[in-house]
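Okay, so here's the structure we're looking at.
The values are calculated or read from the model by the stated rules, or taken from the named source; none is laboratory data. Remember, it's a predicted structure, so these values are computed and weren't measured experimentally. Positions of Cβ are generated from backbone atoms using ideal geometry, with glycine treated the same way; all protein chains shown enter the neighbour counts. Surface accessibility is based on the protein's heavy atoms, side chains included, excluding ligands, DNA and RNA. Shrake-Rupley method; radii C 1.70, N 1.55, O 1.52, S 1.80 Å.
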Amino acid sequence: MPVHVSIHDVSPAWEAEVDLALQACAAVGIKPGLLVIPNYHGAWPLDEHPAYAARLRGWQAAGHEIFLHGYYHLAGAGPRSPSTAGNAAPRGLRRLWAQKVVSGGEAEFSDVDEAEARRRLDDGEAVLHRAGLQQLDGFIAPAWSMPPWMFTVLRERGYRYTEDHLHVYDPQAGARRASVVLNYASRTPARLWSSLLYCRLARPARRLWPARVAIHPADMRHAVLRREIDGLLRWAVGDAVVPARALVEA
């Protein structure tokens, strides 16, 4: 089955780590998709880093897909204005799961209502377009976490690709396909070693479903994860695909 490789959290905040991930991919001939954050944690606005924007344009010209990856990549960030219509933000157990279990408070789109989600999509698209990235290959929510009504929003906006923990989607076509995602978590030693074990055990699932290899910049700060990622990329290289939406069609 096909495999798509991506680098998450692409931002000037993680420049050195993203470069290491790109080098690891280039060593086996893979051009990963890049999940770009317009203003990482509200402290790294891409508008204020023209040199990094130029690098993004160069990567896109070289054949890397560009995905909008939230706006702040942080729950509770940014100004809010009162909602007047649309779906409410997730609450209760759904929000708790997204913010405390799946992520460390970074499930941005599981923290906003529909009106705010639309504003952040507007603003994020505008930032990436000002950076000279005229084509976006999809939207991927931080922590792969967003409420069901987001699929309607993405379809209305013409997006051809999105994903969550269990599936890949083409919102325009209304298509969905199961997919296994392989990624590491390094916030604590327990998460690091359990995610490493999971990625080793989950690899055979590729025989049944398309796979996604998701590299996070923080992974590159740990020698053991750098070695694991090198091995995972060699495992993926024979079936690596671009564009990501080819997974939906597989």
- Do you know which residues across segment 5-25 are closer than 14 Å to residue 237 by Cβ and touching an Asp or Glu at 6+ places or on another chain (Cβ under 9 Å)? 24
- Conditions: (1) at pLDDT 95 or above; (2) in a loop (DSSP other than H, G, I, E, B); (3) in contact with a Phe, Trp or Tyr (Cβ under 8 Å, 6 or more places away or on another chain); (4) surrounded by fewer than 19 Cβ atoms within 10 Å (Cβ to Cβ). Residue 15 meets all but one. Number of the miss? (2)
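Just give me the residues in segment 164-204 being of a type in the set (D, E, K, R) and either in a loop (DSSP other than H, G, I, E, B) or more than 22 Å from residue 237 (Cα to Cα) (or both), in sequence order. Walk me through how you get there before you give the answer.
Residues of segment 164-204 that are of a type in the set (D, E, K, R), as a first pass: 164, 170, 176-177, 187, 191, 200, 203.
Scanning segment 164-204 gives 164, 170, 176, 187, 191.
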- Query: Looking at this structure, is residue 161 in contact with a Ser or Thr (Cβ under 9 Å, 6 or more places away or on another chain), hydroxyl-bearing (Ser, Thr, Tyr) and either open to solvent by less than 70 Å² (accessible area, probe 1.4 Å) or within 17 Å of residue 6 (Cβ to Cβ) (or both)?
  - Reply: no
- Task: May I ask you to verify whether residue 187 is among the charged types (D, E, K, R), without any contact (Cβ under 8 Å) to a residue 40 or more places away in the chain and surrounded by fewer than 21 Cβ atoms within 10 Å (Cβ to Cβ)?
- Result: no
- Query: Is it fair to say residue 177 is modelled with pLDDT of 95 or more, farther than 20 Å from residue 25 by Cβ, open to solvent by 60 Å² or more (accessible area, probe 1.4 Å) and out of contact with any Gly (no Cβ under 8 Å at 6 or more places or on another chain)?
  - Reply: yes
